Structure formats: structure tokens, C-alpha cells
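Reading through the C-alpha cells given below for one structure.
The values are calculated or read from the model by the stated rules, or taken from the named source; none is laboratory data. Computed from a prediction, not measured in an experiment: that's the story for all the values here. Reconstructed Cβ throughout: ideal geometry from the backbone, glycine too, with neighbour counts over all protein chains shown. The area values use the complete protein model at the heavy-atom level, side chains included, leaving out ligands, DNA and RNA. Shrake-Rupley method; radii C 1.70, N 1.55, O 1.52, S 1.80 Å.
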Amino acid sequence: MKYHKPTSFKEAVALAEGAEGVTRFLAGGTDVLVQLRLDIVTPDTLVDMKAIAGVKDITRNEDGSWDIGVAVSGAEMTEHPTLGKEWPGLVEAMDLIGSTQVQGRATLVGNLCNGSPAADSVPALMATGAVVTVEGKNGTRQLAVADVPTGPGKTSLAAHEVITNIHIPPRGQNAADAYERFIPRTEMDIAVVGCAVNLRLDGDKIVEATVVMGAVAPTIRIVPDAAKAIIGTTLDDAAKDKLAEAVRAACQPIDDKRGTIEFRVHVAGVLAKRVAQTAYDRARTAH
Amino acid sequence: MVKVELWAGLRAFTGGERTVEVDAKNIRELLQALSDAYPGLKPILDEGVSVAIDGEIFADSLIEPVGPENEIVLMQKIRGG
Amino acid sequence: MSNQAVSTTVNGDPVQFVCDPRETLLDVLRDRIGLTGSKEGCGTGDCGACSVTVDGRLVCSCLVLGVEAEGKKIETVEGIAEGPNLHVLQEKIIEHAALQCGICTPGILVAAKNLLEKNTNPTETEIRYWLAGNLCRCTGYDKIVRAVQAAAEDLRKAG
Amino acid sequence: MAFDTQTEKQFKYIGTRPKRQDGVDKVTGHALYGADTYKAGMLHGAIVRSPHAHARIIKIDTSKAEALDGVKAVVTRADFATGLTGENWNILENIMADKTALYDGHAIAAIAATSNLIARDAVKLVEVEYEILPHVTDIKEAISEGAPIIRESSIEANVPPDHHKNITRRFECGKGDVDVGFAEADLIVERDFTTEAAHQGYIEPHACLAHMTADGKGELWCTTQGHYNVQRICAALLGMETSQLRVTASEIGGGFGAKTTVFIDPVALALSRKANRPVKMVMTRSEVLRATGPASSSWSTVKVGMKKDGTITAAQATYRLQGGAFPSAPSESPAQVTFAPYDIEHAEMVGLSVMTNRPKQAAFRAPGAPMGVFASEQVLDEMAQELGIDPIELRLKNAAKEGTRGVHGPTFKRIGLIETLEAAKAHPHYSIPLKENQGRGVACGFWFNFGGSTSVSMALSEDGSVALSIGTPDIGGSRASMALMAAEVLGIPYEDIRVTVADTASLGYNDNTHGSRVTYAVGLATIEACRSAVKEMCKRAALKWGIDEEAVSWEDGYAKPSGPNAGDFEPLPLKAIASEMTKTGGPINGHFEASPNTAGPGFATHLVDVEVDPETGKTTVLRYTVVMDAGKAIHPDYVEGQMQGGAVQGIGWALNEEYVYGKDGRLQNTVFLDYRVPVASDLPMIDCVIIEVPNPGHPFGVRGVGETSIVPPLGAVANAVSNATGVRQTDLPMSPPRVLKGILEKQKANG
């Protein structure tokens, strides 16, 4: 395995393009190193992104949008004085990944590019409407986060392409997000079901909503019908029941060591109700 | 003679008896006497047994004395963790 | 093999080593630098026995490559005591019998010290969640949590 | 060995909580565990493992691996002794397959190379040709018609021919006539229960450093619960004389039973013998989970008859435990242990060992007992509810006491079950009101506790300090307990005594650190070793004073003239006797070796409150109280540690730990991420109440405490979850999907 530490994205792309065999980008490393250790993937080329300028920055732009560098760790997001005030769901989703130790390393981009349908931060990231910038040999392009994962362990990025930035749109007024996952323990598990909700109110009424489900299908899934179920409502019990129903209808999970199909479908509905309530309560007190 | 209580599964080798009497002054003699009297028990005794004498369980000892006044129970050897 | 030379600082000491890029920081600490206080319980970041700090940030050294240590400041369990003087956390772990086999203890110490540097008055829940990535199979955590609470109290008193 | 009559006196050191002597080493990272030593020229070993649950090994081609730069030796089964029988053969078959791979992860070959990475690379280059055979990993399937028979030759003599050929042992015990007992009953409940395999989950993987030299001698450093046992087994498997192999026990990072056997140690020795260089081997976590022993999975059937007033009239049970592909399941244990806390006239218990294509099960803290208690204590709980009797009252009504003939055979001497029940009943925990979706569980547990072979020696230094050598690895603070007992006998400060775990060449034979035996048996041996030194010190004082040896007594560190004609001499402190010892007859040492058999049985009562989320089936443990009879707590902190640790392992086993096998027979959860042991945030504080009903068979009254603590929790937690949900929990783990299924089915049934 060859290890490289480029100082620009251009150099990183060139390294990836010139490399033979399997190439992996190292942002946090919490997946890459586990796969290496377990002999799942031993890259021929490892490109460490952390020496590139700006990759550790969290920036709030003038329009209220955010740029998050590709090597920003979960701990750095949690410690940021204002990011979590505007995007509590995104920050708590990231914070749920692994232990305190893992938080010191794990990154949003790593979580996204790992392609796991059970990734915790990705539903929350999708719910914000985030967009990533991708650099490759043919230049840069913008891609909605929702378009990155294509299947378990798979993404829409080409081998020479690398994500250089995550852009989160402005928070805006009377809005909030939330994320919750179900795990058998309190910590250290992979989500059996994950749910993110991002919504905006007008008075008591929901006017915009995005509901995203994790670990219930081959990819993390935005569920438009679930959003429809609560838009225009005050999240009363009937709306929540419809939300749960829509979410359950969108589930196509598998039976595995972490949960059964039956369980995942049921809990998806339960979680969606709880997370929507949290987001709703937050939006009511937001400015 | 001493009275030895066997575990229930051994009845098959003693003609249905759960308590048998043998002539023995210690555990070694007791196990030997059981083997002699009931040859079907021999492979089981050879695999290892414990002998409880008045509530104290002897896992290995062959020398512990036994007498007619003792409560003697043959037990399967227990393994510890 | 494409071995690489690395210069780093471990517990304040300048250290140089050469390693295969596949070696983790934990491999390097133990096999190349001779600091075996950090333990490998899983190799996959799930047990915390290899906890160290890199530039003050708590991490599992099994999830860091040795080559990534270049130019960093690494702190391990061996660096917690100052000469013969144990850190208050070390004292409290012993006093509260917060170890049985002791294999998780180095990781617990590094993690708890990192917590108390950020928060000298953690609640029981905060301690438990902070240490959720440090598996202990012997104690049931009770005495560990009490030891960390006692150390925090001492640190607060010391101001 | 009998209880000291003078023990009624106040102890000076026993019962205090001094700092453990290995504390500083362990908080500074200097303590050396299995993987922490190195030797010049050392190689690293790695093992080729079967990916198949059951397969004939047609051919092993190691040529590509051997061609890799840095590879120094390859071993297969051909490099081990032949002609072994019994357990030695089973161990060898487990650590290196012969003709057949018997489970996913079974060792096929091993490689030593100049680095760990090269060794691991070389493993991938070994080509093994397999003929895949039908497999079975589930206990119920293993004894149903058509299941592949794993090894008929392992069936023991007393298994009736009508039993399934995967049943290798049958054990039966009991008393009275259960038909009579059930006829007397007003209420009879019979239920089936299953539990999944749980791994001991020690954080330190197996590790060793082996060095065989050309003259046939061997040195082995390893993490183990018993280095004499390792010495004996390794010598047999390598075909060498036991004494030619010196084994040193490293500090041990947890064992809980599973480090009472060997896995990699003989392999490292074989590699070293072949390479003529030291070889270090360290298992990965996946190897630990795939190829070292978890506890058995089980399937139990329990039937209890009871009168309206709660009197148990009869108990009948069958416990089926799987031992992996080996005839080693501890099925006799639940049969003997589970109903032992109760005075039952008519009882009949059967234990069956079942073979499957899984790793060889290994002992796990009171091996076999927790699974049985999971079943029996739930049936009692259900019957108490049915009859409207408080669960503690029900147990008190039937509790065994001194003079009770246990269902396992022997009559109990003085035991403390009733005291633990009374204390549990009086504990504030028991009267805290519960809210909706919360439930409380009570369960009792019993474990025999062992003595076992023990050698201890103590040496007095000229300055009056003492070196104590023991031969049992210290897993949970036993060196501190030994120093306390030595201090008490010698009358010198705890700090003046240094306790060392000696290697196999430096001290006589010792059984493993297992069976809750160390504080009892090694403690007893320590007391006796110190007493023999005291006797010698009294003799030296008598010499000095020119009086009769019998006229000198030992009190609080001083030799004193005693008795009417002893004369009037200034008491001689130990230090003074020590400083002159070489001039008064030579060094003063004490030693003791025996196989004490008077370990007092241990009893415990556990209380637990849980809350179950009715929408997800997730259980949260709210509070937990362990009440246990320790006989006499030598170092109460470490007694509490055993109580808390056992309880929490039981909680994990009850709620989320399990072995998950795929249809392909492969273990699915081979990392800690998916083998879910409890983490700190999963738990409340674990309250402890130590009861002290002295063991009449130990000078200070000590009973073992290590194992009893894991016997009740599976039953206690299951009772609590059952009470919180209204659904009887018959299967472990009580993972959220399983509990939710029960809740939803009940809701459906209730409309």
C-alpha cells in the first residue's frame, strides 16, 4: 500500500488518476482502517486528505449557508459554537456515530462515501438539502448529497473524483431538523433504523418538510409521501399516523444480524413520529 | 460397608439401584469397589467423577477416608470458570 | 514494501520511526517505540483500549495510521503520570478498585483525562456516554464511574 | 480445613480496602500482558482458518506462502503429537484441524514470519482444498432427524442408544419420585426456554510468546488463567516432557473461564520449534469470537409443581447444552445447580450435551448454570404470580438451609441463601414503586465453588518483609487478598508483603484460577504457609529465651511467652527474629500444598428493575442490586467487583449478546460492533450487599464469589422484562425485535 499526503485537491485527483488497483481517500479513516484491518479492502493507494488547506474549516457564509471541510471531525462539529444551534439534527446525527474516540476522527464525507445505508449522518445531511462539490480530472461539479449513494458500499463518484466541500443551504426562519436512530444499546451500534426530519413552519403549521430514512432500504431514502403526510398539518396524531404509514410503505429492509424486516418496518414508523415531533418542537421555538 | 448414592442416570448399571453398598475405607477403594461390583460403571468412573462426603465435594482426591457414618454421594465432575 | 520514515512527538519526547503504511499508530507505539501501555482489544475502534490523544484529540490509535503521526503530538497512558507522581485519576482508579484485570485501564485513563480537561464537573450520564467507547468486561463500570467522579471532585477542589 | 474458632476476634487487616499492589503498574501502562513482551529475533505467527462450518480437508498447499520473503515456518496438524486421547485429543483437534474442519474459524495451518503483516499476507497465500459437508449450528436442529452427525465416536458410555447421535453425554440426578410430587401439586407449570451462546468477551485477546530451543527446552509467556495447565497441555500436544517447558503467566486481561484452556500456545511452540526462533502470536478479535469458546447455547424444559401456599412439591427439568463440535458442554451443571437453592422432595434433572458445528465451548463463569437458572427462576416467578405470592416470600418458603439435602445429592452445611433473601427483601430497592412499562425481577442463584490443587510459599527477608509466591494468575485483585491474609496471620503491615505469581519452574503445581477457588483455596494455603512460618518464628524465640517451643505464642507480629511457666521475656517482633534468622537455624520460609475440598457453596439473590419501550421493545435497566454471601469478604472492594462484573455480564447475555450464524454456517457478528457487550452508558450503578455467613471450611470463613454472581441475572432480568411487558420471555437474548414481537402479538390477541 502506498500512502500519499497531497496538499491540494488537484494533486489528490492526479494521484487517484495515476494509481493502479484500489484507491481510497483518507478523511477520518474510521471506515478505511477497519476495512484494512478486517481484510475487506486493502487499498493499493491511500490518499490522505488532511494536509489540504481548508479541509478542517467550518464556515458560515454571509447568506447563512454553511461550508464544511472534508476532514472536519464529528467532535469539531459538535464543539462548533453555532453550527449545532442552526442544524441540531445534523450535528446530533454526526455525534451518534461511534464513540468519543471515533468522533475525534470520523467525518461527514467519510460517512457519505462509505455508502452504507445505515450511515447516521447521511439522512440528516440529505434532509438539509446539502450539496457536495466534486473534483475530478474533468473539473468540478456539484451534486446533491441525495445523488451520491447508489447502493450498499457504492457511490456515483468516479474513481478519480473526490469530494472537496459540503455546502449546507441557509437555515432560514421557523425551521429545524432532528435525527434519531434505533440501536439495541445506547451507544456503539450501527443504526437498525435511522430517521431525519427537516421542516419549516408558518405559525403552527408545517409548510416544508423532508423526511429521510436510513437502514430500511439498499440506500438511504428520502420519502416524499412522508413529507406530504405532515405538510399542512400541526403534526397532530392523525398526521403522525399518516407519516408513520408513509414511512413504513417506503421501507424495503432486509433481515440481518441487526434486525428483522418486520422490526425495521415497525420501528421506522415509530421513529419517524418521534423525530418529526422533535423537529416540530424545535422549529416552534426557533427564530 | 459404606452406602454410596449414585446419580440417577447410573441406575442402568446397578440393576435399578440408586444407593449401593460397597466395602471401602477411602475414595480409591470406593471407586474400585464400584467398578468391581458394577463393571458398567467403570468407563463413567474413569471419565472422572467427584465424591461428596458429608456435603464436601472431593473432585480429585483418592485418599479421603469414608465410613459407614458418612453421607456419600457420587457426582458428575463440575467444571469451573 | 514502501516503508516510510516518520518524525513525531510521543509524551513530549521526539521520536522517529520507519513503518509500513499499513501499520496503525497502535502497532507503531507498541512494536516500534516500545510503549505497550496502549492495548489492542479489537483493532476496529470498538473497545477503546488503545485510546491516545493526537494533538489533544481523543482517538483510538488502531484507527490512525502510523504515518499519520508525522508532526503530531501523541499522548499515551505512559505520559499521564509526572515522574513518580500519579495523576489524580490514576490515584482514584486504584483507590476505588476501579480495575480488575486492568487491560481496559490505560484506555479509560486516557479517555477520562481528556474528558476532565474539557469538563471538570461531568454528570454520571456524561461520564458514562463519554466512556461508552471504552469496553470494560470486569467491573460493570460502577467503580470506574465513581473513580472519575472522585477525580473530578479533587480537580475542582484544586481549582 | 476448619473455620478458626478464634476468628470471632476482630480482624486487623481482613475486611479493609487497601490499594492493590499491582495498581501503579496497571495505571501507568507498565504491567505486561500477553502481547506485551518481545524477544530478539522474534517472529510473528498467524493462523489459516476454515471459512466453512464443516468440510473435509482434501489438500493444504503452502508453497506460495513459504515462497514469500520473510516466511520462516509453516505448521499443520502433522507437526503435533500423535496418539493423544481424551481431552488432550479434543484440545488438539480444536486448535489444529486434522482431516475435517469442524466450524467456521477452525485452524487449518499456521505461519511464522518476520513481521505480523507478512504473516497475515502469507495466510492469504495458503491454498486449502475442501470438500464441503452438511453442517448444523442450531441446537434444536442438531438433535432433529436428518441432522448431520458430527462425531459418533465421542458419545459417552452412558448415553442410551435411542438418543440422537449428536448427544454425547447424558447426566441425570434428583431425589424422591416426581410422579408423587406432581400428584401433590395444586399448580403445575411447564415451559421450554432457549438461550444463545454468549462469549466471555475478555478485552485482551489470547496472546503468547513461545521459544523452543534446539535442546528441546521451551519457554512460554502467555495470558492464561492457569499456566500449570497450559504447561501440561502444551507438553502433551507437542510430545515433550512437562518440566522441560517453563510457562510464565503474564498479567491477564480477563478470562472468565475461557482462558482455562489453550488455543494458540501450542501452535506458537510448534512454529518456534520448526523455525528455531521465538514466535509471538496474538489473536485478532474476530479470531477470538470465531474460534475460542463461547458459553453453550441451550434449550431447556422445566416443569414445577406447587401447592397453593407456594411449597414446591416437584421439579423436573431437561437441559440441553451444545458444546460445539466437541463433547464438552457442561450440561450436568444446570442439572445439579438450578434447583439446588430449594428444599424439594421430588426432583428429576437431566443434562444432555449436544454437538454442533460451532467452536468448542469454553467455561464461562459458573459454566452451564446461568442457562438453567434462566429457565427455573422464570417458572417460579410465573407460579408466584399465578398464586399471588410475593416472589421473595415464595423463595424463602422453599429456601435450602443447613441440613437440607440438595437436589444434586449432598446435604448442605451452613449456607447463606436465606440471609440473602431477607436482605433483598429489606433493601430499599425492593419497595421503590414502579411506573408503567416498568417491571421488577427477582432471582436466586447457587454455585458449588471449588478448592483444587494449590501450592503456596512464603519467604521471610532479613529485614522482616515477606515475599509470597502463588501459582494462580491474578485476574481480579487476588494478590491484594493474599497479602491481606498473610498480613493478618503474620501481624505485619499489608505493605510489607509482596505477592508474586510464580512461573511453573519456581513453585509446585497449581490448578487454574477458576471455580471461584483462589481466595478460598490459595487464601487457605497462604494462611497455612504463614502459620508454618509463625511456628518456626516461635521456635526461634523459644531458642533465644531458652524456653519450651510450646510456651511461645504469636500475637500481632510478636512472639510472646505464654502460659504460666513461660517466664517473663520482652516480646520479640518479627523483624528481630528475621534479622537473626540465618544465625538461629537458617532462612525462615513457610509453604503449604494440598487440595482443599471445603469450599463453601455460594448463594445470591439479585433484584433488577427495567423499563421496556412498548413501541420498540428496547429494555433499559433502571436499577440493579446484588445480594451475595461471601462467607467473609477479605477485600470488600474486589468482592463487590465480582458481584458487579458478574451481574453486568449477565445483563449483556440477557439483553443483547448472541452468536448469530448464517445459513452458510458462518458466524455473522465477529467484531465488538455487532457482538454487543454492555457499554458504560447502558447501565446504572450496580448496588451490592455483601452477606457474611462464614464457610465452616475456611479458617476465616471465605466462600468463593467469582461465579455465583453470574448465575441469577439471566433469570432476574427475564422476570423483570416479563413483568414489564406482560409477556413471558422464554428466549434469549431479549433483543428489541424479539421483545417487540411478543408485545405486538399480545396486543393483537387482546384486540
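When ligands, DNA and RNA are left out and all protein chains stay put, how many square angstrom of accessible area per residue does the range A:112-185 have with a 1.4 Å probe?
Values: 2460 Å² over 74 residues.
Roughly 33 Å² per residue, with all protein chains present.
Let's test the formula: R0 of 45 Å, r as the Cβ-Cβ distance of D:Asp69 and A:Thr150. What FRET efficiency results, to the nearest 0.05?
Efficiency at R0 = 45 Å is approximately 0.65.
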Binning at 5 angstrom from zero up to the longest distance, how are the C-alpha pair distances of the range D:220-379 distributed in percent? 2, 9, 15, 16, 14, 12, 10, 8, 6, 4, 3, 1, 1, 0, 0
Treating the Cα atoms of the range D:324-475 as identical point scatterers in vacuum, please give the log10 of the normalised Debye intensity I(q)/I(0) at q = 0.11, 0.16, 0.18 Å⁻¹, two decimals. -0.63, -1.01, -1.14
Shielding of C:46-53 by partners, i.e. mean partner chain Cβ atoms within 10 Å per residue? 6
Using protein chains only (no ligands, no nucleic acids) and a 1.4 Å probe, work out which residues of the range C:1-42 have their accessible area cut by at least 30 Å² relative to the chain alone. C:Ser2, C:Gln4, C:Pro21, C:Arg22, C:Arg30, C:Asp31, C:Thr36, C:Lys39, C:Glu40, C:Gly41, C:Cys42
Could you tell me the relative contact order of the range D:367-460? Use alpha-carbon pairs under 8 Å, at least six residues apart, and round to a whole percent. 22
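Calculate the mean, over all residues of peptide A:190-198, of how many other protein chain Cβ atoms lie within 10 angstrom of the residue's Cβ. Mind showing how you got there, number by number?
Numbers: counts 2, 0, 4, 1, 0, 0, 0, 0, 0.
Mean partner shielding for this stretch: 1.
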Kirkwood estimate for the range A:21-130, i.e. one over the average of 1/r between Cα atoms, Å: 14.4
Given A:14-26, D:677-689, D:533-545, the highest-first ranking by average Cβ count within 10 Å works out to D:677-689, D:533-545, A:14-26
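Could you order peptides D:713-722, A:267-276, D:214-223, D:692-701 by the average number of other Cβ atoms within 10 Å of their residues, highest first?
Sorting D:713-722, A:267-276, D:214-223, D:692-701 by mean packing, highest first, produces D:713-722, A:267-276, D:692-701, D:214-223.
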Work out Dmax and Rg for the range D:206-247 from the C-alpha atoms and quote the Rg first, both in angstrom. 9.5, 29
Principal axes of chain C: Cα extent on each, largest first, Å: 49, 31, 24
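Quick one: what do you get for the range A:242-287 if you divide its Cα Rg by 2.2 N^0.38 Å? Could the numbers behind the result be given before it?
Numbers: Rg = 13.2 Å, N = 46, 2.2 N^0.38 = 9.4 Å.
Compared with the compact-globule rule of thumb, the range A:242-287 sits at 1.40.
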Can you give the accessible area of A:Phe9 in Å² (nearest 10), computed on protein heavy atoms with a 1.4 Å probe? 30
Which three lengths, in whole Å and largest first, does the range A:175-285 cover when its Cα atoms are put on their principal axes? 44, 27, 22
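Quick one: net charge around D:Gly477, please, counting Lys, Arg +1 and Asp, Glu -1 for every other residue with C-beta under 14 Å from its C-beta.
Numbers: positive: C:Lys143, D:Arg17, D:Lys19, D:Arg20, D:Lys26, D:Arg479; negative: C:Glu95, D:Asp22, D:Asp25, D:Glu251, D:Asp474, D:Asp637, D:Glu640.
Every neighbour counted, the sum reads -1.
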Could you work out, for the protein assembly as shown, what percent of all Cα-Cα pairs fall into each 20 Å distance bin, beginning at 0 Å and stopping at the bin that holds the largest distance? 11, 38, 36, 13, 2, 0
Over the Cα atoms of the range C:88-158, how large are the radius of gyration and the largest Cα-Cα distance (Dmax), in Å? 10.7, 32
Rounded to the nearest 0.05, FRET efficiency between C:Thr9 and D:Ser243 (Cβ-Cβ, R0 60 Å) equals 0.80
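Looking at the range A:1-139, send over the antiparallel percent of its DSSP beta bridges, to the nearest 5.
The antiparallel proportion sits near 40 percent.
Give the accessible surface of the range C:4-79 per residue, rounded to a whole number of Å², with probe radius 1.4 Å and ligands, DNA and RNA excluded.
For the range C:4-79, the solvent-accessible area averages 28 Å² per residue.
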Please list, or write none, the lysines whose alpha carbon is within less than 27 Å of the alpha carbon of D:Lys544, excluding same-chain residues fewer than 8 places away. D:Lys535, D:Lys560, D:Lys575, D:Lys583
Residues other than C:Leu86 with Cβ under 13 Å of its Cβ, Lys/Arg counted +1 and Asp/Glu -1, net out at -2
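To the nearest hundred square angstrom, how large is the accessible surface buried between C and D, total for both chains, probe 1.4 angstrom?
Numbers: alone 8470 and 28380 Å², together 32570 Å².
Rounded to the nearest hundred, the buried surface is 4300 Å².
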Computed log₁₀ I(q)/I(0) - Debye formula, equal Cα scatterers, no solvent, the range A:13-66, q 0.30 Å⁻¹: -1.15
The farthest towards the positive end of the charge dipole of chain B, of the residues B:Asn26, B:Leu74, B:Gly48, given +1 on Cβ of Lys and Arg and -1 on Cβ of Asp and Glu, is B:Gly48
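By per-residue mean of other Cβ atoms within 10 Å, what is the highest-first order of A:255-265, A:207-217?
So the order, starting with the most tightly packed, is A:207-217, A:255-265.
Calculate the mean, over all residues of peptide A:30-38, of how many other protein chain Cβ atoms lie within 10 angstrom of the residue's Cβ. Don't skip to the end; give the middle numbers.
Working: counts 6, 2, 2, 12, 9, 1, 5, 13, 7.
Across the residues of A:30-38, the mean count of other-chain Cβ atoms within 10 Å is 6.
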Amide H contacts under 5 Å for D:Arg623, placed H, 5+ residues apart: D:Asp609
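Ignoring ligands, DNA and RNA, what percent of the accessible area of chain D is carbon or sulfur (1.4 Å)? Write out the running numbers ahead of the final one.
Values: 11620 of 24000 Å².
The computed percentage sits at 48.
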List the aspartates and glutamates whose Cα lies under 18 Å from the Cα of D:Lys539, skipping any in the same chain that are fewer than 8 positions away. D:Glu462, D:Glu528, D:Asp548, D:Glu549, D:Glu550, D:Glu555, D:Asp556, D:Asp568, D:Glu570, D:Glu580
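Relative to 2.2 N^0.38 Å, what does the C-alpha radius of gyration of the range D:409-566 come to as a ratio? Two decimals please.
Details: Rg = 21.9 Å, N = 158, 2.2 N^0.38 = 15.1 Å.
After normalising by residue count via 2.2 N^0.38 Å, the value is 1.46.
Keeping every protein chain in place, order D:Met643, D:Met240 by accessible area at 1.4 Å, biggest value first, i.e. largest first. Spell out each step's value before the answer.
Working: D:Met643 0, D:Met240 35 Å².
Sorted descending by solvent-accessible area, the residues read D:Met240, D:Met643.
Pairs of Cα atoms under 8 Å, at least six residues apart: use those to get the relative contact order of chain D, whole percent. Provide the component values of the computation, followed by the final result.
Numbers: 1979 pairs, mean separation 120.1, N = 751.
RCO, chain D: 16 percent.
Please list D:Asp61, A:Asp177 in order of solvent-accessible area, largest first, computed with a 1.4 Å probe with all protein chains present.
Values: D:Asp61 45, A:Asp177 5 Å².
Descending accessible area places them as D:Asp61, A:Asp177.
What is the antiparallel percent of DSSP beta bridges lying wholly in chain C, to the nearest 5?
Values: 15 of 17 bridges.
Percentage antiparallel, nearest 5: 90.
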How much solvent-accessible surface does A:Ser116 expose, in Å² to the nearest 10, with a 1.4 Å probe and all protein chains in place? 40
Size of the B/D contact, given as accessible area buried on both chains, probe 1.4 Å, in Å²: 2600
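Tell me, what is the percent relative contact order of the range B:2-76, built from C-alpha pairs under 8 Å that lie six or more residues apart? Write down the numbers at each step before the final one.
Numbers: 122 pairs, mean separation 29.0, N = 75.
Across the range B:2-76, relative contact order equals 39 percent.
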Return the long-range amide H neighbours of B:Arg18 (sequence gap of 5 or more, or a different chain), with a cut-off of under 5 Å between placed amide H atoms. none
How big a patch of accessible area, both sides summed and in Å² to the nearest 100, lies buried between C and A at a 1.4 Å probe? 2300
Expressed in angstrom and ordered largest first, the alpha-carbon extents of the range D:531-684 along the principal axes are 83, 36, 28
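Suppose we keep just the DSSP beta bridges with both residues in the range D:404-513; what percent of those would be antiparallel, to 5?
Numbers: 5 of 10 bridges.
Around 50 percent of the beta bridges assigned by DSSP in the range D:404-513 are antiparallel ones.
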Distant-in-sequence amide H partners of D:Val189 (H built 1.01 Å from N, under 5 Å): D:Val304
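First check a/c for chain A, with a ≥ b ≥ c the square roots of the eigenvalues of its C-alpha gyration tensor; if it is under 1.5, answer rounded, and if not, answer prolate when a/b is larger than b/c or oblate otherwise. Don't skip to the end; give the middle numbers.
Working: a/c = 2.04, a/b = 1.48, b/c = 1.37.
Prolate is the answer for chain A, as a/c is 1.5 or above and a/b outweighs b/c.
Please report, in debye to the nearest 20, how large the charge dipole of chain D is about its Cα centre when each Lys and Arg carries +1 at its beta carbon and each Asp and Glu carries -1 there. Walk me through the numbers before you get to the answer.
Numbers: 72 positive and 89 negative charges, 264 e Å.
Magnitude of the dipole: close to 1260 debye.
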Testing the spin-label approximation: label points 7 Å from Cα along Cα→Cβ at C:Glu126 and A:Gln277. State their distance in nm. 2.8
Computed Kirkwood radius, in angstrom, where 1/r is averaged over Cα pairs of chain B: 12.5
Calculated SAXS-style log₁₀ I(q)/I(0) at q = 0.05, 0.07, 0.08, 0.11 Å⁻¹ - chain D, Debye, Cα scatterers: -0.27, -0.53, -0.69, -1.20
Under 27 Å between alpha carbons, and skipping anything fewer than 8 positions from C:Lys143 in its own chain: which lysines qualify? C:Lys39, C:Lys92, C:Lys113, C:Lys118, C:Lys157, D:Lys12, D:Lys19, D:Lys26, D:Lys259, D:Lys425, D:Lys618, D:Lys632
Could you list the GluC sites (Glu not before Pro) in the range D:429-514 that lie in coil according to DSSP, counting only those with at most 12 other Cβ atoms within 10 Å of their Cβ? D:Glu436
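Which value, to two decimals, describes the C-alpha radius of gyration of the range D:417-478 once divided by 2.2 N^0.38 Å? Each step should come with its number before you reach the end.
Values: Rg = 22.1 Å, N = 62, 2.2 N^0.38 = 10.6 Å.
Ratio of Rg to 2.2 N^0.38 Å for the range D:417-478: 2.09.
Work through the residues other than D:Tyr33 whose Cβ is under 9 Å from its Cβ and net out their charges, Lys, Arg +1 and Asp, Glu -1. Mind dumping the intermediate values first?
Values: positive: C:Lys39; negative: D:Asp36, D:Glu204, D:Glu251.
Within the 9 Å Cβ shell, the charges total -2.
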Computed from every Cα-Cα pair in the range C:4-79, P(r) in 10 Å bins starting at 0 and rounded to whole percents is 22, 62, 16
